[in-house]
1. Counting only C-alpha contacts under 8 Å and six or more residues apart, can you give the relative contact order of the stretch 13-316 as a whole percent?
2. List the longest stretch of the chain that has no exposed loop site; here a site is one of the GluC sites (Glu not before Pro) assigned by DSSP to anything other than H, G, I, E or B, with at most 14 other Cβ within 10 Å.
3. Quick one: 3J(HN,Hα) in Hz for the stretch 230-240, Karplus 6.51/-1.76/1.60 with θ = phi - 60°, rounded, Gly and Pro as x.
4. Mind listing the long-range amide H neighbours of Glu126? Cut-off is under 5 Å, sequence gap 5 or more, other chains count too, H placed in the peptide plane at 1.01 Å from N.
5. List every residue whose amide H lies under 5 Å from the amide H of Asn241, counting only residues 5 or more places away in sequence or on a different chain, with H placed 1.01 Å from N in the peptide plane.
6. Using alpha carbons only, how many angstrom separate the centre of the stretch 182-218 from the centre of the stretch 223-301?
7. Spin-label point model (7 Å from Cα, Cβ direction): what's the Arg28 to Tyr200 distance in nm?
8. Under 5 Å between amide hydrogens, which residues at least 5 positions from Ile208 or on another chain qualify, with H placed 1.01 Å from N in the peptide plane?
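All of the numbers you see were taken from the coordinates with simple rules; none came from a lab. From a predicted model like this one, the values you see are computed outputs, not experimental measurements. Heads up, the Cβs are rebuilt from the backbone with ideal geometry, glycines too, and the neighbour counts pull from every protein chain shown.
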Amino acid sequence: METIPAAQKTLKEDWISSFIKYKNPILRPVSKTFYSKAIFNPTVIKENKIIYMLFRASNCSPKSDKWWSEIGLASSKDGIHFNIHPQPILSPEYDYEKYGCQDPRIIKFGKTYYLTYSGISGKYNESQICLATSKDLIHWKKHGKILSEKKFKWNSGNKKAAVIVPKKINNKYVMYFLGEQKPWWTTIGTAYSDDLIKWYEADDNPIISPRKGCFDSQGVEPGPTPIITKEGILLFYNGWNKRKIHKTGVVLLSKKDPTKILKRTRNPIIEPTLDWEKDDKIRKKDVIFSEGAVIINNRYHIYYGAINTYIGLAISKK
């Protein structure tokens, strides 16, 4: 087992400048493929020294009413150069996902992979948390919408972007997810499960909210699958302000009480700085959206989508 980087233990502010980006996207659209217009928002998992990546892809223009998403698969030995499976491994089939399977997050328990994703049933903002399981990452069984319909004020709109904690806490599986009160005004809440298939909400209030005057002043959304550390549950998350400029932050939560925040960086650890990370085709904003994190050679590798088009990589210095 690889050692945990020292930066993971403290969340000190000096960690903010400790990520180095690749100057060019590590993956970009390729003509005549299912990702000819967009390949972005990747989740990753490490198995036997191989990095597997599942990503959101589209072969339709983002400005088209017919724009939809599928989920693709890629693999790498070094975490930088990826071979892409020629066909998508998850595509829309049912009414709850007819406009797209989006923004996957992956985890493994035993011999089974669990993939949460956003199923889009409407043209814009009608999304729900869905789940698929697999033994080989190629063939998937869909379980449909998995979260109860219970709603509070903070999540009366969309629910999506679910990440599952890779270890039971208090004999329950724990999931963090985005709840939306109105478009672009979001918070992060918790859900629980006994079997990883059926989930229920137990908290009347969110646990992670936007902060006035910070990069995440309007909305927050779970990023990569959480990482268990000695100090707690490490959750990378995405946040944005009223201009909808997306950046990545970090929060540490308690392993005894997964709703309790122990530490949280005030400033982002990754933000849009390169030309290909700016001017999103839809929002006309700068967007970095992290959804994948693994440790390779004792360094964090954070994989992110950029402006709904590319996949980028940032690696920690220590």
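1. Details: 878 pairs, mean separation 52.9, N = 304.
Once divided by the residue count of the stretch 13-316, the mean separation gives 17 percent.
2. On the way: sites that count: Glu2, Glu93, Glu126, Glu149.
Longest gap between qualifying sites, sites excluded: 150-318.
3. With coefficients 6.51, -1.76 and 1.60, one gets 5, 8, x, 9, 8, 10, 6, 9, 9, x, 8 Hz.
4. Amide H neighbours of Glu126, under 5 Å, 5+ apart: Ser121.
5. Counting only residues 5 or more places away or on other chains, the set is Ser217, Gln218.
6. The two parts, judged by their Cα centres, are 15 Å apart.
7. With each label point 7 Å from Cα toward Cβ, the separation is 5.0 nm.
8. Under 5 Å from the amide H of Ile208: Ile188.
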